[in-house]
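Any read-out appearing in this document is the output of simple, stated calculations on the displayed coordinates, not a laboratory observation. Remember, predicted model here, so these are calculated numbers, not experimental data. Backbone-built Cβ (ideal geometry, glycine too); neighbour counts: all protein chains shown.
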Amino acid sequence: MSKRTCLAIVLAAGEGTRMRSAVPKVLHPIAGQSMLAHVLTAVRGAGTEAAAVVVGPDSDAVADEARRMLPKARVFVQAERRGTADAVLAARAAIAKGADDILVIFGDTPLISADTLKRLRGAIDHHASIAVIGFRPTDPTGYGRLVMNGHRLVAIREDKEANDVERSIDLCNGGLMALRGEVALEILDRIDNNNAKGEFYLTDAVTVADGMALEAVALETQEDEVRGINTRAQLAEAEATMQRRLRAAALEAGVTMIAPETAFLSADTKFGRDVTIEPNVVFGPGCVIEDDAVIRAFSHLTGAHVGKGASVGPYARLRPGAKLGAKSRVGNFVEVKEAKIGEGAKANHLAYIGDGRVGDGANIGAGTIFCNYDGKAKHRTEIGKGAFIGSNSALVAPVKVGDNAYVGSGSVITDNVPAGALALGRGRQVNKTDWLAGKASKKPATKKPMKALGKKKAKTKR
Ligand code: UD1
Ligand code: CA
């Protein structure tokens, strides 16, 4: 990489009308992360020193997301939506600082890679004053067309402005642009709004540069990288592309997937080696799965840490703050939230473990519930090492069960259980040995009252 400095300007002030959403377009998620977060991750990966994010008025949420992803980013407001060139100029103060390269990236092009951003910078480093990314989409409708003269890019014609000849060009504008810093402001200031939409088009920078005898070039990339998201259908296509990428990367990194096309990952999902993922598993944001763990079919994980060699599911639900120790087992229909499961501990069928801790080697029987909520606040349940909780027990938090203690099945535990003790919190069983004999000595019921009962029932139904 060259030693040239770079300012990345991310445009995110568009209204995104075509999404028909109350949520700003760039905050719609792909693989569990906002479009803007994907773009800013690429920006960071491209080694840019400075970043500016241009947002619309009243876009606090977009500004917050920008700062969360890239604390050094400066946020600029484009007061009126007057086109992509006008949006770039909203960051005039940042451009004026004089970076060697200016990179313009659209917030609605979330599949872009850091490598492509680097390639664009490379072109500026060599000779050109402007470099753009072209691609050949299956359906070019809506994209600007790249008008070439040999190796020189002489114009970008917007779909709405193009004549029939230009519209037949299959090389389209991916939307990214690199400008040589020393001429960037001069070029941008010369762009006018004499066009169909009455907007200042960033794409006109090419014609302006041509008129200044400055060279513009086009590089090419795959459609998958520069898909612009304007509609929900395009959002779904981008999600599918991103999922294919994430699965491929996981397989490459040593994960076994029985049916990769049915596993759904988040951009930040982390896998160790020899992890096995059975069919139909969903990973929401914030999951870490260590070596040798097995995630069985139909499990749903979000914000969970699964330790080495642990086993999850089938049909398990791990919610944020679930932390499973090495070789632990969380079985079918078990839900875990904000709780640590110790090494080698087991949680069986239909248990709910919320807010607390299960010690190493402890066993949580089927149907056990951590009653963590009293209607107002959440409380913790702590289960000691090697403890055994009988099936269908209710542990009413806050409560502690000591090491190696034993809780009888069907107990409702409201008081702490000392280490090694047996706790029984249930009604005592009563066996009435003469019950059948007593029944036989009674007269069987006559038919009359049965009929009366039937009539009554019918009446209430009406
Ligand atoms: C744009 C390009 C087109 C290219 C396509 C690639 C222009 C004029 N056209 O078209 O050549 O093929 O992207 O996807 O650049 N924005 C603002 N403020 C504005 C207008 C737009 O911040 O006033 C932002 C939007 O939030 C978006 C980006 O700029 O992130 C692109 O705007 P959009 O309206 O989506 O442009 P396209 O019509 O898709
Ligand atoms: Ca767009």
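Of everything in segment 276-312, what is of a type in the set (A, V, I, L, M, F, W, C), under 14 Å from residue 332 (Cα atoms) and out of contact with any Lys or Arg (no Cβ under 7 Å at 6 or more places or on another chain)? Give them in sequence order.
Step one: filter segment 276-312 for residues of a type in the set (A, V, I, L, M, F, W, C), giving 277, 281-283, 287-289, 293-295, 297-298, 301, 304, 306, 310, 312.
From what's left, under 14 Å from residue 332 (Cα atoms): 281, 294-295, 297-298, 301, 310, 312.
Within segment 276-312, 281, 294, 295, 297, 298, 301 meet the criteria.
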Filtered residue count, segment 215-252, keeping only those that are away from ligand 2 (no atom under 16 Å from the Cβ), farther than 30 Å from residue 125 by Cβ and more than 18 Å from the chain's Cα centre (by Cα) | 2
Out of segment 77-90, which residues are under 29 Å from the mean Cα position of the chain (by Cα) and surrounded by 22 or more Cβ atoms within 10 Å (Cβ to Cβ)?
-> 78, 84, 87, 88
Please state which of the following conditions residue 267 fails to meet, knowing it meets all the rest: (1) in a helix (DSSP H, G or I); (2) of a type in the set (A, V, I, L, M); (3) in contact with a Gly (Cβ under 7 Å, 6 or more places away or on another chain).
-> (1)
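Could you say which residue among 344, 354 is closer than 26 Å to residue 391 by Cβ, small (Gly, Ala, Ser) and in a strand (DSSP E or B)?
354
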Just a yes or no: is a residue in segment 212-230 charged (D, E, K, R), crowded, with 19+ Cβ neighbours inside 10 Å and outside any helix (DSSP H, G or I)?
-> yes
Selected residue (criterion: nearest to ligand 2 (Cβ to nearest atom)) from residues of segment 177-211 that are surrounded by 17 or more Cβ atoms within 10 Å (Cβ to Cβ) and among the charged types (D, E, K, R) | 199
Could you pull out the residue among 238, 250 that is of a type in the set (A, V, I, L, M), in a helix (DSSP H, G or I) and in contact (Cβ under 8 Å) with a residue 40 or more places away in the chain?
-> 238
Which one is farthest from the chain's Cα centre (by Cα), of the residues in segment 23-46 that are within 16 Å of ligand 1 (Cβ to nearest atom) and among the small types (Gly, Ala, Ser)?
-> 42
Working only within segment 319-355, note down all residues that are touching a Ser or Thr at 6+ places or on another chain (Cβ under 9 Å) and at positive phi.
-> 327, 344, 350, 355
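Would you mind finding the one in 165, 208, 154 that is away from ligand 1 (no atom under 14 Å from the Cβ), among the β-branched types (Val, Ile, Thr) and without any contact (Cβ under 8 Å) to a residue 40 or more places away in the chain? Give the steps one after another, and end with the answer.
Values: 208 fails: away from ligand 1 (no atom under 14 Å from the Cβ); 154 fails: without any contact (Cβ under 8 Å) to a residue 40 or more places away in the chain.
On inspection, the qualifying residue turns out to be 165.
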What's the number of the condition residue 154 fails, among (1) surrounded by fewer than 24 Cβ atoms within 10 Å (Cβ to Cβ); (2) within 15 Å of ligand 2 (Cβ to nearest atom); (3) β-branched (Val, Ile, Thr)?
-> (2)
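So how many residues does segment 1-31 have that are in contact with a Pro (Cβ under 6 Å, 6 or more places away or on another chain) and either surrounded by fewer than 22 Cβ atoms within 10 Å (Cβ to Cβ) or closer than 22 Å to residue 125 by Cα (or both)? Spell out the reasoning first.
Of segment 1-31, the ones in contact with a Pro (Cβ under 6 Å, 6 or more places away or on another chain) are 30.
Applying the additional criterion that residues be either surrounded by fewer than 22 Cβ atoms within 10 Å (Cβ to Cβ) or closer than 22 Å to residue 125 by Cα (or both) yields none.
The qualifying residues number 0.
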